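Below is one structure, written out as structure tokens, with a few remarks after it.
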Amino acid sequence: MTKENDKLKIYSTISCLSIVIYALIHIVLSISHGFYFSTNIVQSIILLATVGSLYYKRKDFLAISLIIVSVLEIVSMTANSIIVALSAVLSYEVAALFVYYSNKKMDIIKKVFYIPAILYILYVIIYIINGINLKISFNTAYIISDVFMISGFLFLELWAVNYKTPSKETSGHIPTRNKGTEADRLLKLKELLDSGAITQEEYESKKKQILKL
């Protein structure tokens, strides 16, 4: 259990740092170019909110934040960047989908968790090709920030598919009126004790309630 928690902390920490660096680079670059209220800044701020959602283990808010970022990407697209923007939108949307359904479709998503990162790599490639075709000069800082976002997507999904939302039973809540025999309830109670979810005193107290001693 400790090893699993350690892995989750590593995944979430790397993802958080990667997304924060990406967002800060975009905020600094936008401000340096005089774009104080651009969609780029709003997107970056919302991405910082995803970091908060990840830190507090709120998959629902995390998925919503990613969807909002993808919508802003659509709003900011121009005629010259439709394909580029849509490729970015797709990576955010798939990431949100995977995060939201990771508990329900764990086996499937565990096998394809890397797809959002691959989609974002494709976005970067399309962005570069589009820039070359339009003879647009690239800002190296943006490319560096994209590398961090690829890392953010990869470790975000690794965290999502390995993190299990605690149920009432595993969070220390012990139902006293469950269906089943006394033996079943005592067995569940013992499992909770062995897993460390409850103390010995709580075990003895609930045991007496079940046995009606």
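The values are calculated or read from the model by the stated rules, or taken from the named source; none is laboratory data. Just so it is clear, the model here is predicted, and its values are computed rather than measured. Cβ: placed from backbone, ideal geometry, glycine included. Neighbour counts: every protein chain shown. Heavy atoms of the whole protein, side chains included, go into the accessibility calculation; ligands, DNA and RNA do not. Shrake-Rupley method; radii C 1.70, N 1.55, O 1.52, S 1.80 Å.
Quick look at the numbers
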quantity: Answer from Ile150, Ile118, Ile129, Ile144 - the residue that is buried (at least 19 other Cβ atoms within 10 Å of the Cβ) and either at pLDDT 85 or above or in contact with a strand residue (DSSP E or B) (Cβ under 6 Å, 6 or more places away or on another chain) (or both); calculated: Ile150
quantity: Filter result (open to solvent by 70 Å² or more (accessible area, probe 1.4 Å) and either at pLDDT 80 or above or under 13 Å from Ile210 (Cβ atoms) (or both)) within region 184-198; calculated: Asp184, Leu187, Lys188, Lys190, Glu191
quantity: Pairs with Cβ under 8 Å, 6+ apart, first in region 105-117 and on the phi < 0 side of the Ramachandran plot, second open to solvent by less than 60 Å² (accessible area, probe 1.4 Å) and among the β-branched types (Val, Ile, Thr); calculated: Met106/Val161; Ile109/Val161; Lys110/Val161; Phe113/Val161; Ile115/Val94; Pro116/Val94; Ala117/Ile150
quantity: Number of the condition not met by Lys3 [criteria: (1) open to solvent by less than 80 Å² (accessible area, probe 1.4 Å); (2) of a type outside the set (A, V, I, L, M); (3) more than 13 Å from the chain's Cα centre (by Cα)]; calculated: (1)
quantity: Val20 loosely packed, with under 15 Cβ neighbours inside 10 Å and part of a helix (DSSP H, G or I); calculated: no
